[in-house]
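Below: one structure, written as structure tokens.
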Amino acid sequence: MGNLFYGVGEMTYRYFCLERPPAPGAIPKGATNVVCFDDKTNITDTKAGINYGAWGFVEYDHPLSGDEVRNYELSHGVEVKCV
């Protein structure tokens with residue numbers, strides 16, 4: 001999976017992979033974008049209150065359920081509006 005081009009104003013939901021790199025079986029099905037970092041990387045966003053290590057992130061066109069976030073050990077979602 002690679003980057004997708006989103007329309008202006010569309011919303012996507014980003015979840016960081018906290019325990020393992022994103023890969024089939026390690027993330028819920030249906031991701032619209034998957035980004036894998038070379039190493040576990042510190043993610044900091046003071047505005048969103050984020051500060052943790054992640055192996056990459058996945059994006060979806062809908063929010064994931066709480067069970068999906070817990071079962072796949074993801075961060076809570078961050079809404080990203082495409083401009």
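What do you reckon, is F16 surrounded by fewer than 17 Cβ atoms within 10 Å (Cβ to Cβ) and of a type in the set (A, V, I, L, M, F, W, C)? Taking the combined requirement at face value, the residue does not satisfy it. Annotation: of all residues in segment 59-83 being assigned to a strand (DSSP E or B) and either of a type in the set (S, T, Y) or closer than 15 Å to T12 by Cα (or both), the one that is modelled with the lowest pLDDT is K81. The single residue among G56, G2, G30, G7 that is at pLDDT 85 or above and assigned to a loop (DSSP other than H, G, I, E, B) turns out to be G30. Within segment 47-62, track down each residue that is touching a strand residue (DSSP E or B) at 6+ places or on another chain (Cβ under 7 Å) and more than 14 Å from N33 (Cα to Cα). Answer for segment 47-62, where residues must be touching a strand residue (DSSP E or B) at 6+ places or on another chain (Cβ under 7 Å) and more than 14 Å from N33 (Cα to Cα): A48, I50, N51, Y52, G53, A54, W55. Is it true that some residue in segment 33-48 is at positive phi and at pLDDT below 95? For segment 33-48, residues at positive phi and at pLDDT below 95: absent.
The values are calculated or read from the model by the stated rules, or taken from the named source; none is laboratory data. Everything quoted here is computed from the prediction, not taken from an experiment. Ideal geometry is used to build each Cβ from the backbone, glycine not excepted, and the neighbour counts take in all protein chains shown.
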